[in-house]
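Notes follow the structure.
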Amino acid sequence: MARIAGVNIPTNKRVMIALRYIHGIGPAKAKEICEKTGIADERRVSDLTDAEVLKIREAIDSDYVVEGDLRRERAVNIKRLMDLGLYRGLRHRRGLPVRGQRTHTNARTRKGPAKAIAGKKK
């Protein structure tokens with residue numbers, strides 16, 4: 001099993017798909033990495049040599065922010081919004097949708113399960 005950026009990527013999948021298991025790498029970046037390292041898209045991770053895995057690892061380390069660093073950077077950005085008291089920061093703090101979605105109905109993902117209102121029945 002190949003370990004890249006602290007993640008065990010699955011060996012039975014194609015390289016393009018397996019790279020997406022790393023937080024911060026999606027379809028476009030996976031394709032870009034394959035092109036930079038000269039690895040064919042349809043190759044499987046189990047077919048890669050140690051040298052090729054090392055090339056992938058070095059390409060990711062030098063050019064991309066992934067996994068822990070990316071999570072930390074996002075958390076710092078959100079914390080900055082909250083500390084400055086911006087509207088977006090207040091929405092994060094209250095656990096409400098940040099990007100202008102309606103909250104009268106829906107928004108259950110951010111707000112959590114519905115709370116019953118006492119004395120409402122009649």
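The values are calculated or read from the model by the stated rules, or taken from the named source; none is laboratory data. This structure is a prediction, so every number in the text was calculated from the model and none was measured. In this analysis, Cβ positions are derived from the backbone assuming ideal geometry, glycine residues included, and neighbour counts consider all displayed protein chains. Remember, those area values only see protein heavy atoms, side chains included, never the ligands or the DNA or RNA. Shrake-Rupley method; radii C 1.70, N 1.55, O 1.52, S 1.80 Å.
What number does the chain give for Rg over Rh if you use C-alpha atoms and the Kirkwood radius?
With Rh from the inverse mean 1/r over Cα pairs, Rg/Rh is 1.20.
Which percent of the accessible area of the chain is formed by carbon and sulfur heavy atoms (probe 1.4 angstrom)?
Carbon and sulfur: 51 percent of the exposed surface of the chain.
For Asp47 and Gln101 in one chain, what is 0.36 nm times their gap in residues minus the Cα-Cα distance, to one decimal in nm? Can you show the working numbers first?
On the way: separation 54, 0.36 × 54 = 19.44 nm, distance 4.61 nm.
Using 0.36 nm per residue and subtracting the Cα-Cα distance, I get 14.8 nm.
For the chain, build the charge dipole from Cβ charges (+1 Lys, Arg; -1 Asp, Glu) around the Cα centre, then report which of Gly38, His104, Gly6 sits farthest towards its positive end.
My answer, from the dipole projection, is His104.
Give me the number: length gained by fully extending Lys115 to Lys79, i.e. 0.36 nm times residue separation minus the C-alpha to C-alpha distance, one decimal in nm.
The Lys115-Lys79 span can extend by a further 10.2 nm.
Which angle between 0 and 90 degrees, to the nearest 10, do you get for helix 50-63 versus the longest principal axis of the chain when only C-alpha atoms count?
40
Modelled label-to-label distance, Glu35 and Lys13, 7 Å Cα→beta-carbon offset: nm?
Placing both labels 7 Å beyond Cα along the Cβ direction yields 2.2 nm.
Nearest 10 degrees is fine. How inclined is helix 67-84 to the longest principal axis of the chain, computing both from alpha carbons?
Relative to the chain, helix 67-84 is tipped by roughly 30 degrees.
Rounding to the nearest 10 and keeping the result within 0 to 90°, find how far the Cα-based axis of helix 27-37 lies from the longest principal axis of the chain.
Computed tilt is about 20 degrees.
When you count, for each residue, the other Cβ atoms within 10 Å and take the mean per peptide, how do 86-96, 4-14, 106-116 rank with the highest first?
4-14, 86-96, 106-116
How about Lys13: which aspartates and glutamates have a C-alpha closer than 17 Å to its C-alpha, ignoring those fewer than 8 places off in the same chain?
Asp41, Glu42, Asp47, Asp50, Glu52
Give me the net charge for the shell around Val76: Cβ to Cβ below 12 angstrom, other residues only, Lys and Arg +1, Asp and Glu -1.
+2
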